[in-house]
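The values are calculated or read from the model by the stated rules, or taken from the named source; none is laboratory data. The shown structure was predicted, so the numbers you read here are calculated from the model rather than taken from an experiment. Glycine gets a Cβ as well: all are built from the backbone with ideal geometry, and neighbour counts include every protein chain shown.
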Amino acid sequence: MYQKFHFLSNSSPEAQSAYKSLLSTFMQTEIENADAIVAIGGDGTLLNALRKSEGRNIPVYGINRGSVGFLMNAPHLENLKEKIDQAESVQIHPLLMKATDIDGRTFEAVAFNEVSLLRQVRQAAKITISIDNVIRMDELICDGVMVATPAGSTAYNLSAHGPILPLKSEILALTPISAFRPRRWRGALLPSSAVIRFDILDSQDRPVSATADEVEIRDVRSVEISQSTITKTLLFDKGHSLEERILKEQFAW
């Protein structure tokens, strides 16, 4: 049973109104002492909640008061504690991005949805793709490329015509963004244990950025992506699990 909650919201009037309403009913608990985090807003707010609890696996329950909210629950505040007590839980594993820029600096970030590489100028990017230290594509000429988790496969990945992945599939989607050469390449499905490396060709004249969800690194020279050791728990209203939503999305018109 969940007793202590930490509430956070985005800055929209709708989310702030819900936030204040819940604080009039429940006591705010510091995040390190909470049994669950209640995120009010859209998917970005939920991702922020996951990052804020990065050191601990505190379950996160999202209330949709944002623009998309695929990872959120219905925007109703009634009987919140009962809903959370009866919620279905799902464990997700984010990606770990290790990026090196053209000056040799290294950066790390985690991504619960996807890691995406995008060209920074009008010229197409040229990227070499290696899987587990084996070069699988010498040169992909494109606007960009991404690696998506099952939880993130219905987000940017889907809009780039990537596949929707069942939540328990232990598969990653490697999806090109507007590939020019090879023109007919549509990407690949990889085991979640794969280590994926992108090397940027001609990185000075054809600069590329790398983004792990909302964390962007500019002018990258190489990017390595693997599944992190982090486990996070999301809570969904009974009968409306993330797995069910992903399944329904595959039959949407």
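Among the residues of region 211-221, is there at least one that is more than 27 Å from Ala74 (Cα to Cα), over 17 Å from the mean Cα position of the chain (by Cα), of a type in the set (S, T, N, Q) and in the same structural domain as Ala155 (by TED's automatic domain parsing)? No; the residues of region 211-221 include none that is more than 27 Å from Ala74 (Cα to Cα), over 17 Å from the mean Cα position of the chain (by Cα), of a type in the set (S, T, N, Q) and in the same structural domain as Ala155 (by TED's automatic domain parsing).
Filter region 66-84 for residues that are more than 19 Å from Thr154 (Cα to Cα) and surrounded by 14 or more Cβ atoms within 10 Å (Cβ to Cβ) and give the result.
Going through region 66-84, the residues more than 19 Å from Thr154 (Cα to Cα) turn out to be 75-84.
Answer for region 66-84, where residues must be more than 19 Å from Thr154 (Cα to Cα) and surrounded by 14 or more Cβ atoms within 10 Å (Cβ to Cβ): Pro75, Leu77, Leu80, Lys81, Lys83, Ile84.
Phe251 meets the conditions (1) of a type outside the set (S, T, N, Q); (2) out of contact with any helix residue (DSSP H, G or I) (no Cβ under 6 Å at 6 or more places or on another chain); (3) part of a strand (DSSP E or B) in every case but one. The failed one is (3). Within the option set Glu82, Glu108, being among the charged types (D, E, K, R) and outside the structural domain of Ala210 (by TED's automatic domain parsing) holds for one residue only, Glu82.
Across region 187-234, what is the total count of residues that are assigned to a strand (DSSP E or B), modelled with pLDDT of 95 or more and not basic (Lys, Arg)? Outline the logic, then answer.
Taking region 187-234 first, the residues assigned to a strand (DSSP E or B) are 188-191, 196-201, 208-212, 215-217, 220-227, 232-234.
Filter once more, keeping what is modelled with pLDDT of 95 or more: 188-191, 196-201, 208-212, 216-217, 220-227.
Then drop every residue that is not not basic (Lys, Arg), which leaves 188-191, 196, 198-201, 208-212, 216-217, 220, 222-227.
So the answer is 23.
Scanning region 187-218 for residues that are surrounded by 13 or more Cβ atoms within 10 Å (Cβ to Cβ) and either without any contact (Cβ under 8 Å) to a residue 60 or more places away in the chain or out of contact with any strand residue (DSSP E or B) (no Cβ under 9 Å at 6 or more places or on another chain) (or both) gives Gly187, Ala188, Leu189, Leu190, Glu216.
Residues are listed down the side, and each one gets a yes or a no for (1) small (Gly, Ala, Ser); (2) more than 23 Å from Lys20 (Cβ to Cβ); (3) in contact (Cβ under 8 Å) with a residue 60 or more places away in the chain; (4) assigned by TED's automatic domain parsing to the domain that holds Val220:
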| residue | (1), (2), (3), (4) |
| --- | --- |
| Ala36 | yes, no, yes, no |
| Thr45 | no, no, no, no |
| Ile102 | no, yes, yes, yes |
| Met137 | no, yes, no, yes |
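Considering (1) farther than 16 Å from Leu96 by Cβ; (2) surrounded by 17 or more Cβ atoms within 10 Å (Cβ to Cβ); (3) at pLDDT 95 or above, say which one Asp143 fails and leave the rest. Going through (1) farther than 16 Å from Leu96 by Cβ; (2) surrounded by 17 or more Cβ atoms within 10 Å (Cβ to Cβ); (3) at pLDDT 95 or above one by one, Asp143 breaks only (2). When Leu47, Leu77 are checked against the criterion of being aliphatic (A, V, I, L, M) and in a helix (DSSP H, G or I), a single residue qualifies: Leu47.
Quick one: count up the residues across region 20-39 that are within 24 Å of the chain's Cα centre (by Cα) and under 21 Å from Glu82 (Cβ atoms).
6
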